[in-house]
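Data block below; observations after.
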Amino acid sequence: MSYTGIVHGLDERLYHSDPALSSTGLVKLLQAPAKYKHYRDNPEPAKKAYDVGSAVHGKVLGIGAPITDIPDEYLAINGAASTKEAKAFIQDARDHGRIPVKKSEYDEINAIAESVLAHPLARSLFEQAGQAEASVFATDPDAGVPIRCRFDYLPDFTVDDPWCVDLKTSASDASPEAFARTVAKPELRYDVRQEHYLGTYAAATGEFMARMKFVVVEKTAPYLVGVYELAPEFADMGRKRVREGYAKFAACTDADLWPGYSVTPDPIQPPTWLMFLEGAIA
């Protein structure tokens, strides 16, 4: 089944099974088309590493998979969920769409969510009139490729000063300086993701008013929170890469060719930061 426009209440597994290009797929495609193809053809199973983040999203947004406690008696002496009973419980929980966590993790999830909602600006963003986990499907008008995104929070654009929200729960450092570096990581490229999200919304609705803020919370106590908007320079770079990615996706799809890294005889150039460090450039 294919979707168009804004879809509320769509099961997460159905969303991820749609063949339209997502922000994660786009970032992988920009690294190498072969990475995108592998990601598309080999969907990742639920992972323990994602459980706390998914559960925090659910607590903050008030929507998502329910959490279930792994019984203490199923845990090993050292507290690990490594026993046969624990593994069976975890698999059954995942099969039924629940997030299995230990009691200690449940306390951590609550603490992280409470920290987000105790932050005045973060809380106000999630209290806007709007919809959590809103899925959007469209066709890019220039490249003609199907695209999709799933907003953590999509506001009702009739309210004053509306903002789309992306909640990030895996940060070891939520300071402005650290988040700027995180945005630019090739495997993350939050600037590209932002412009993909906003462009998908525009293509689906014809509305170009959407803006985005990132709510970033650290994953260790005291669970500090930062709320950030990307500067126009980030948006410009992200938009350029989105256009490149869509064109590449169309070309790879038409040819059914998904190459890896380019083979080039050109020498590898030192990065600018190293040239600054070594005094090669001022």
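In this entry, Ser104 passes the filter for residues that are modelled with pLDDT under 95 and not assigned by the TED database to the domain that holds Ser17.
Selection within segment 185-211: residues that are surrounded by 13 or more Cβ atoms within 10 Å (Cβ to Cβ), out of contact with any Ser or Thr (no Cβ under 9 Å at 6 or more places or on another chain) and of a type in the set (A, V, I, L, M, F, W, C). The member of this set that is nearest to Glu244 (Cα to Cα) is Leu198. Before we move on, is Ser82 among the hydroxyl-bearing types (Ser, Thr, Tyr), farther than 21 Å from Tyr223 by Cβ and in contact (Cβ under 8 Å) with a residue 24 or more places away in the chain? No; evaluated as a whole, the condition is false for this residue. Anything in segment 1-28 that is of a type in the set (Gly, Ala, Ser) and either surrounded by 17 or more Cβ atoms within 10 Å (Cβ to Cβ) or not in a loop (DSSP other than H, G, I, E, B) (or both)? List them, or say none. Hits for segment 1-28 are Gly5, Ser17, Ala20, Ser22, Ser23, Gly25. Hey, any hits in segment 192-207 for a residue that's in a loop (DSSP other than H, G, I, E, B), out of contact with any strand residue (DSSP E or B) (no Cβ under 6 Å at 6 or more places or on another chain) and among the hydrophobic types (A, V, I, L, M, F, W, C)? The answer is no, given that none of the residues of segment 192-207 is in a loop (DSSP other than H, G, I, E, B), out of contact with any strand residue (DSSP E or B) (no Cβ under 6 Å at 6 or more places or on another chain) and among the hydrophobic types (A, V, I, L, M, F, W, C). Tell me the residue from Thr158, Thr169, Thr139, Thr205 that is in the same structural domain as Thr253 (by the TED database), touching a Pro at 6+ places or on another chain (Cβ under 7 Å) and among the β-branched types (Val, Ile, Thr), please. Unique residue meeting the criteria: Thr139. Of the set (1) at pLDDT below 95; (2) closer than 22 Å to Leu61 by Cα; (3) of a type in the set (Gly, Ala, Ser), all apply to Ala221 but (1).
Where strands (runs of 3 or more DSSP E) sit wholly within segment 29-148, those with at least 2 residues that are surrounded by fewer than 18 Cβ atoms within 10 Å (Cβ to Cβ) occupy 67-69, 130-139.
For segment 122-148, a residue qualifies if it is more than 14 Å from Tyr246 (Cα to Cα) and not aliphatic (A, V, I, L, M), and the qualifying residues are Arg123, Ser124, Phe126, Glu127, Gln128, Gly130, Gln131, Glu133, Ser135, Phe137. Residue-level check: of (1) touching a Gly at 6+ places or on another chain (Cβ under 9 Å); (2) under 17 Å from Asp95 (Cβ atoms), Ala32 misses just (2).
Could you check Phe214 against (1) surrounded by fewer than 17 Cβ atoms within 10 Å (Cβ to Cβ); (2) among the hydrophobic types (A, V, I, L, M, F, W, C); (3) in a strand (DSSP E or B) and say which number it fails? Checking Phe214 against (1) surrounded by fewer than 17 Cβ atoms within 10 Å (Cβ to Cβ); (2) among the hydrophobic types (A, V, I, L, M, F, W, C); (3) in a strand (DSSP E or B), the one that fails is (1). Set side by side, the residues Thr264, Thr205, Thr182 differ, and just one is more than 27 Å from Gln131 (Cβ to Cβ) and among the polar types (S, T, N, Q), which is Thr264.
To keep it simple, each residue is scored yes or no on (1) loosely packed, with under 15 Cβ neighbours inside 10 Å; (2) more than 30 Å from Val116 (Cα to Cα); (3) free of Cβ contacts under 8 Å to residues at least 12 places away in the same chain.
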| position | (1), (2), (3) |
| --- | --- |
| Gly226 | no, no, no |
| Leu257 | yes, yes, no |
| Ile268 | yes, yes, yes |
| Leu277 | yes, yes, yes |
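If we keep just the residues of segment 164-178 that are among the aliphatic types (A, V, I, L, M) and part of a strand (DSSP E or B), which is farthest from Leu198 (Cα to Cα)? Checking each candidate, the answer is Ala171.
The values are calculated or read from the model by the stated rules, or taken from the named source; none is laboratory data. Values in this document were obtained by computation on a predicted structure and should not be read as measured data. No Cβ is skipped: glycine too gets one built from the backbone with ideal geometry, and neighbour counts run over all protein chains shown.
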